[in-house]
Amino acid sequence: MNIEEFKNIIEPIVNRNDCMVWGIEILRGKKRITLRIYIDSEDNNVDISDCENISKDLSYEPMIDSHLGDDYILEVSTPGVDRKFFDVRQLSSFIGEDLEFKTRDMFEGKRKFIGKLIKCDDSYFSISNKNMASELKFKFSDVDFCKLKPNYNDLIKEYSHAK
């Protein structure tokens, strides 16, 4: 079963809990498979009880057991501040933020990039950084992984001012 087929099973359960599927990973360990599901909501206000409820609901889904067997690890989590992106459309809410990503093949002599997200569309995204005079454009399907690169100093300042 591929990720899309799992998503078709998982998504209705997550949606019933007023959340949405951000991404799904299937990790094959030495002894067991881990099914990792990232959830979010329109207002980015998912908490531990949402993760618990969805995890409990998914543990009763027989289609998951029939494809993974009885001995697998189910993880339900928020994407976090350094969220991984699973689809180029997820990037649109993060224009102006820093990204860290790795391309499948060499691009201008390297594979790892960090830069500020300038724009994105249905297939491509563009970044710039202080070392580049121009923007670089990437096809999302050519990217091995892409995640938000938060400025932890800014997050700490925001958190201390919120108290």
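The values are calculated or read from the model by the stated rules, or taken from the named source; none is laboratory data. Computed from a prediction, not measured in an experiment: that's the story for all the values here. We place every Cβ from the backbone using ideal geometry, glycine too, and count neighbours over all the protein chains shown.
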*asked:* Looking at N44 and the list (1) outside the structural domain of S123 (by TED's automatic domain parsing); (2) outside any loop (DSSP other than H, G, I, E, B), which single condition is not satisfied?
replied: (2)
*Tell me which residues, restricted to segment 6-25, are among the hydrophobic types (A, V, I, L, M, F, W, C) and touching a helix residue (DSSP H, G or I) at 6+ places or on another chain (Cβ under 7 Å).*
I9, I10, I13, V14, C19, M20, V21, I24
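Quick grid of which residues meet (1) farther than 16 Å from V81 by Cα; (2) touching a residue at least 24 places away in the same chain (Cβ under 8 Å); (3) out of contact with any His (no Cβ under 6 Å at 6 or more places or on another chain):
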position	(1), (2), (3)
K102	yes, yes, yes
F107	yes, yes, yes
K112	yes, no, yes
K119	yes, yes, yes
L136	yes, yes, yes
F140	yes, yes, yes
F145	no, yes, yes
N153	no, no, yes
H161	yes, no, yes
*Selection within segment 54-67 - free of Cβ contacts under 8 Å to residues at least 60 places away in the same chain and not in a loop (DSSP other than H, G, I, E, B)*: I54, S55, K56, D57, L58, S59, P62, M63, I64, D65, S66
*Examine segment 129-141 for a residue that is closer than 28 Å to V14 by Cα, at pLDDT 95 or above and surrounded by 15 or more Cβ atoms within 10 Å (Cβ to Cβ), and state whether such a residue exists.*
yes
*Could you give every pair whose Cβ atoms fall below 6 Å, whose first residue belongs to segment 22-42 and is surrounded by 15 or more Cβ atoms within 10 Å (Cβ to Cβ), and whose second residue is among the basic types (K, R), counting only separations of at least 6 or pairs across chains?*
I24/K7
*Restricted to segment 1-21, and to residues that are acidic (D, E) and over 16 Å from the mean Cα position of the chain (by Cα), which residue is surrounded by the most Cβ atoms within 10 Å (Cβ to Cβ)?*
D18
*How about segment 98-148: which strands (runs of 3 or more DSSP E) wholly inside it have at least 3 residues that are farther than 24 Å from E25 by Cβ and of a type in the set (A, V, I, L, M)?*
none
_The listed residue being more than 22 Å from V88 (Cα to Cα) and either touching a residue at least 24 places away in the same chain (Cβ under 8 Å) or not charged (D, E, K, R) (or both), out of C19, C51_ = C51
